[in-house]
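I have placed the structure first, in the form of structure tokens, so that the comments after it can refer back to it.
The values are calculated or read from the model by the stated rules, or taken from the named source; none is laboratory data. Quantities reported herein were computed from a predicted structural model and do not represent experimental measurements. Ideal geometry is used to build each Cβ from the backbone, glycine not excepted, and the neighbour counts take in all protein chains shown. These accessible areas exclude ligands, DNA and RNA; they are computed on the full protein's heavy atoms, side chains included. Shrake-Rupley method; radii C 1.70, N 1.55, O 1.52, S 1.80 Å.
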Amino acid sequence: MDAAIADWPDATRVFLADGDALTLPTDELLRILDYLQTHLPGLTRVSSYALPANLRKKSVTELERLSAARLTLLYYGIETGAPALLKRITKGATPDGMVDGLNKAAQAGMKVSATVVLGLGGANHWQEHIDGTVELLQRAPLSYLSTLQLYLEESVRDDFLAAFDPPFIAQDDIAILREQHRLIDALTDPPQRLIFRSNHASNALALAGNLPRDRDKLLAQIDAALSGDAPLRPAYLRGL
């Protein structure tokens, strides 16, 4: 921290890199946050990753203390809301458990930026993947939602594929767009307004808007891509 503070003494935002800082005991995390506030007088916001299990372990009171110390934004991987798929990817979470943790974060005044991975169910489970995810999102008070496309690193590919029977069949770009369409079309009543993005480097089609306000506009953009009237991001420009 001292080295970073020396390089950026006027920093107003800090991200606690690189793992899940929320796994730390609350008093230890508060010590870090207090140190940042003392040495960065312009600090307005601290953010960190949050695994579902670690968010659930914190009480609302603990989260309120962290929020008061400026830890006000959490990056959270939902990946899918389908219970069977969560088990296959060993997420260590259930839809109900995630909703419970996300509600606690909202009660504490924290914002959550969550991600969903399109293509995670493959061709055999894509509807289950999307419908379960929509059901979760309709119950979870998120501030930001992003979608990414599934890419498998070589180090995890074999273990991931071994979890599927019948075998996993990857979705192509058109199938991914249909998943995106189904997700946005069904997401009609989130607990609060969602700032939505699919502009990660993995995405074939970049989208941006607010849900549910921009739902029809986003669906029209997907329809244009499906019909070939709007270009997709070339494969060589994509990555994790």
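Numbers below:
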| read-out | value |
| --- | --- |
| Residue 25 vs. criteria free of Cβ contacts under 8 Å to residues at least 40 places away in the same chain, open to solvent by 80 Å² or more (accessible area, probe 1.4 Å) and over 17 Å from the mean Cα position of the chain (by Cα) | yes |
| Test: residue in region 151-160 that is out of contact with any Lys or Arg (no Cβ under 7 Å at 6 or more places or on another chain) and buried (at least 21 other Cβ atoms within 10 Å of the Cβ) | no |
| Where residue 229 falls short, out of the listed (1) touching a residue at least 24 places away in the same chain (Cβ under 8 Å); (2) in a loop (DSSP other than H, G, I, E, B); (3) of a type in the set (Asp, Glu) | (1) |
| Tally, over region 188-222, of residues that are under 25 Å from residue 235 (Cα atoms) and among the β-branched types (Val, Ile, Thr) | 1 |
| Flag if residue 11 is open to solvent by 20 Å² or more (accessible area, probe 1.4 Å) and in a loop (DSSP other than H, G, I, E, B) | yes |
| Condition check for residue 118: closer than 21 Å to residue 53 by Cβ and among the hydrophobic types (A, V, I, L, M, F, W, C) | no |
| Test: residue in region 189-198 that is assigned to a loop (DSSP other than H, G, I, E, B), in contact (Cβ under 8 Å) with a residue 40 or more places away in the chain and under 20 Å from residue 126 (Cβ atoms) | yes |
| Check on residue 75, within 30 Å of residue 162 (Cβ to Cβ), touching a residue at least 12 places away in the same chain (Cβ under 8 Å) and open to solvent by 30 Å² or more (accessible area, probe 1.4 Å) | yes |
| Enumeration of residues in region 42-72 that are part of a strand (DSSP E or B) and open to solvent by less than 40 Å² (accessible area, probe 1.4 Å) | 46, 47, 48, 71, 72 |
| Helices (runs of 4 or more DSSP H) contained entirely in region 115-188, each with at least 1 residues that are touching a residue at least 60 places away in the same chain (Cβ under 8 Å) and closer than 27 Å to residue 224 by Cβ | 173-186 |
| Residue, most open to solvent (accessible area, probe 1.4 Å), within region 202-211, restricted to residues that are in a loop (DSSP other than H, G, I, E, B) and in contact with a Leu (Cβ under 7 Å, 6 or more places away or on another chain) | 205 |
| Candidates 136, 142, 148, filtered to the one that is modelled with pLDDT of 95 or more, closer than 30 Å to residue 45 by Cβ, open to solvent by 30 Å² or more (accessible area, probe 1.4 Å) and not charged (D, E, K, R) | 148 |
